[in-house]
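Working notes, beginning with the structure itself.
The values are calculated or read from the model by the stated rules, or taken from the named source; none is laboratory data. A quick note: this is a predicted structure, and the numbers were derived from the prediction, not measured. All Cβ positions, glycine included, derive from the backbone under ideal geometry; neighbour counts span all protein chains shown. These accessible areas exclude ligands, DNA and RNA; they are computed on the full protein's heavy atoms, side chains included. Shrake-Rupley method; radii C 1.70, N 1.55, O 1.52, S 1.80 Å.
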Amino acid sequence: MRSSPGSPTPSEECAVRGEEADEVYGVVFNLQRYSTEDGPGIRTTVFLKGCPMTCPWCHNPEGMDPRPELVWYEARCVGVRECLRACPREALTLTPEGMVIARDRCDACGACVEACPAAALEVIGRRVSASQLAKEAARDEAFFRRSGGGVTLSGGEPALQADFCAALADLLRDRDIPVALDTCGGVSWSRLEPLVRRVNLVLYDLKQMDEGRHREYTGVSLGLVLENAVRIADMGVPMWVRTPVIPGYTDEEENIREIARFIRDHLPTVERYDLLAFNNTCRDKYRRLDRIFPLAAVGLLERSKMEALVEVARKEGLDSVCWSGAVTGK
Ligand code: SF4
Ligand code: SF4
């Protein structure tokens, strides 16, 4: 089951060393305040760009690519074409069907964003220093204290920007702000361990317990994900395991049963198991990124289905099993 910690691969190296010798920079695509779904209490969730997995159901497709990306909002566009004139790389074409972004030429410089009088363009992903982001993330410190909340590092996969996240976690811990790590587990242990060591809680995704299907859907070996989960538990760090319940991909009773058994038998620090019901509200994000969302037409799950899956997990001996998300039925 165990193997020696692997080394980071070049594709895992996303953090950027800054001009200032003691600063570390990262690429972040969202800072969500007053979040109540990414750990206990009221939280600020930091979404980091870049993920080693390719889940077809991903709700944050803007987190998959490590680089900043340009998007266009059709409803805001007033058609004055200032963006086209501003672009030094001739990467934009406004057609009757909408804006065409030549992504092989666009370097997300943001000149078109600045030029647009209608805010119809946006670069998703900003380069920011750990100290600047710590200041922004700590803004709701008073709420964190009152509610037992804190800051959650999410994405994408935070461990792809491990140096940046470690620096950020250290700065937050210096202010006594609890930090949680939300990870897919599909990265080398040498990259994950320094973060796990710094956080109070790990939110851990277990999606599909069949190795072939896991690799097919996510592009990453299930073995690595399970090994990392066990290592985290061995360190004594509290965990919340989460499964996205995706019709046709992860929603079989047998899959949930296998995950529950794995938690029961190998992960003694798991405090709760969450089942997250699929929804397709991220459709527009895929469209704006010129990506295909294979689940665009898939509807919501039935409430009874989620309740049945919770029962399956409870029957395996797990005490704290919850589900959340939009569903159909009473
Ligand atoms: S692991 Fe999470 S962030 Fe990465 S592709 Fe899958 S669903 Fe998206
Ligand atoms: S972000 Fe820069 S390169 Fe990309 S379309 Fe806008 S101006 Fe052109």
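Odds and ends about this structure:
- A 1.4 Å probe run over the protein chains yields, for the chain, 46 Å² of accessible area per residue, whole-number rounding.
- Beta bridges per DSSP with both ends in the range 38-184, % antiparallel, nearest 5: 45
- For the listed residue pairs K207/K305; K135/K285; K285/K330; K207/K285, the alpha carbons are over 25 angstrom apart in K135/K285; K285/K330.
- Given R0 = 41 Å, the distance between the Cβ atoms of E311 and V80 translates into a calculated FRET efficiency of 0.10.
- Inter-probe distance in nm under a simple model that places probes 7 Å from Cα toward Cβ, at H59 and E90: 4.3
- Averaging the sequence gap over all C-alpha pairs within less than 8 Å and six or more residues apart, then dividing by the number of residues, gives the range 180-294 a relative contact order of 25 percent.
- Of the trypsin sites (Lys or Arg not before Pro) found in the range 122-182, those that fall in a DSSP loop while having at most 13 other beta-carbon atoms within 10 Å are R175.
- Per-residue [θ]222 nm for the chain (sum of -39500 (n - 2.57) over DSSP H runs n ≥ 4, rounded to 500): -8500 deg cm²/dmol
- Charged-residue dipole, Cβ positions (Lys, Arg, Asp, Glu), the range 224-276 about Cα centre, Debye nearest 20: 200
- Largest-first principal axis extents, alpha carbons of the range 69-124, Å: 24, 21, 20
- Sites D210 and R146, calculated FRET efficiency, Cβ-Cβ separation with R0 41 Å, nearest 0.05: 0.40
- Sorted on the mean count of surrounding Cβ atoms within 10 Å across their residues, most packed first, peptides 62-73, 229-240, 94-105 read 62-73, 229-240, 94-105.
- Rounded accessible area of C109 (nearest 10 Å², 1.4 Å probe): 80
- A probe of 1.4 angstrom, applied to the heavy atoms of all protein chains, finds V80 with accessible area near 70 square angstrom.
- DSSP beta bridge pairing in the chain, given as percent antiparallel to the nearest 5: 40
- Among 320-327, 291-298, 221-228, the order from most to least packed when residues are scored by Cβ within 10 Å on average: 221-228, 320-327, 291-298
- Carbon/sulfur fraction of accessible area - the range 96-209, other protein chains in place, 1.4 Å, %: 47
- Computed from the Cβ-Cβ distance with R0 of 22 Å, the FRET efficiency linking R261 to R303 stands at 0.35.
- Size of electric dipole in the range 69-124: Cβ of Lys, Arg +1 and of Asp, Glu -1, about Cα centre, debye, nearest 20: 140
- For the chain, a Kirkwood hydrodynamic radius built from all Cα pairs, placed in the Stokes-Einstein relation at 4 °C and 1.567 mPa s, yields a translational diffusion coefficient of 62 µm²/s.
- Only Lys, Arg, Asp and Glu carry charge here, each on its Cβ (+1 for the first two, -1 for the last two); on that basis the range 151-301 has a dipole of about 380 debye about its Cα centre.
- Nonlocal amide H pairs with R242, under 5 Å, H built at 1.01 Å: Y204, D205, L206, D274
- For D265, the solvent-accessible surface with a 1.4 Å probe is about 90 Å², rounded to the nearest 10.
- Average Cα contact separation per residue, the chain, under 8 Å, 6 or more apart, as relative contact order %: 18
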